[in-house]
Each structure stands twice: as structure tokens, then as C-alpha cells.
Amino acid sequence: MKVSVVIPVYNKAPWLKESLDSVFAQTFRDLEIIVVDDRSTDDSLSVLRGMQDPRLKIVPLETNLGPAGAAQRAIDLATEIG
């Protein structure tokens, strides 16, 4: 079973590395981590692009959709298993 972890991000650069390191450290390994940057105005996108893990998918949005819109975009991109 594969698990999709959905993380919408807006101006959260100071907390991204710690948050994602926590997800990467989980004992369950069959993950995809979809992080949607909702047009952050801080260094969030740079921090994300500096992280290296094959399970990480970074999606920068062209327009700010708000928390619900960014989360929905990530859910739409989640791999369907079934």
C-alpha cells in the first residue's frame, strides 16, 4: 500500500526542513510526499528545491489558491492505487 502525504505550503520556510525530515524518517517507506507551494513570498520554494528525496514532489502554483485550493491540487496529483 502506498501512502500520499499532502502538504500545502505558504510562507513556511523556517519550518519546512524539520517538517519534511520528520516525514522522511518514518518507518513506513512506501510514501509519496506532494508539497504544493501556494505562491510563497519567502524562501519556501528554495528550501523545498534544496531537499533531496526521490519520494518528494514539489509543485509550485502559478496563482495563490489558498490553503484549501493548494491542498486540493496536491490531492489531485496523488497517485491512485487500486
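The values are calculated or read from the model by the stated rules, or taken from the named source; none is laboratory data. Here the structure is a predicted model, which means the values were calculated and not measured. No Cβ is skipped: glycine too gets one built from the backbone with ideal geometry, and neighbour counts run over all protein chains shown. Side chains are part of the model used for accessible areas, which takes the heavy atoms of the whole protein and leaves out ligands, DNA and RNA. Shrake-Rupley method; radii C 1.70, N 1.55, O 1.52, S 1.80 Å.
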- Note on the structure: By residue number, the members of segment 39-48 that are crowded, with 22+ Cβ neighbours inside 10 Å and not small (Gly, Ala, Ser) are Leu48
- Note on the structure: Checked segment 54-71 for anything in contact (Cβ under 8 Å) with a residue 24 or more places away in the chain, assigned to a loop (DSSP other than H, G, I, E, B) and open to solvent by 30 Å² or more (accessible area, probe 1.4 Å); matches are Arg55, Thr63, Asn64, Leu65
- Item | Test set (1) more than 20 Å from Ala78 (Cα to Cα); (2) within 11 Å of the chain's Cα centre (by Cα); (3) β-branched (Val, Ile, Thr) - Thr27 fails condition number | (2)
- Message: Residues that are more than 23 Å from Ala68 (Cβ to Cβ), in contact (Cβ under 8 Å) with a residue 40 or more places away in the chain, surrounded by fewer than 16 Cβ atoms within 10 Å (Cβ to Cβ) and among the aliphatic types (A, V, I, L, M): does segment 21-29 have at least one?
- Response: no
- If the Cβ limit is 7 Å and pairs must be 6+ apart or interchain, which residue in segment 1-19 that is of a type in the set (Val, Ile, Thr) pairs with which residue that is open to solvent by 60 Å² or more (accessible area, probe 1.4 Å)? Val3/Phe28; Val3/Asp30; Val6/Ile75
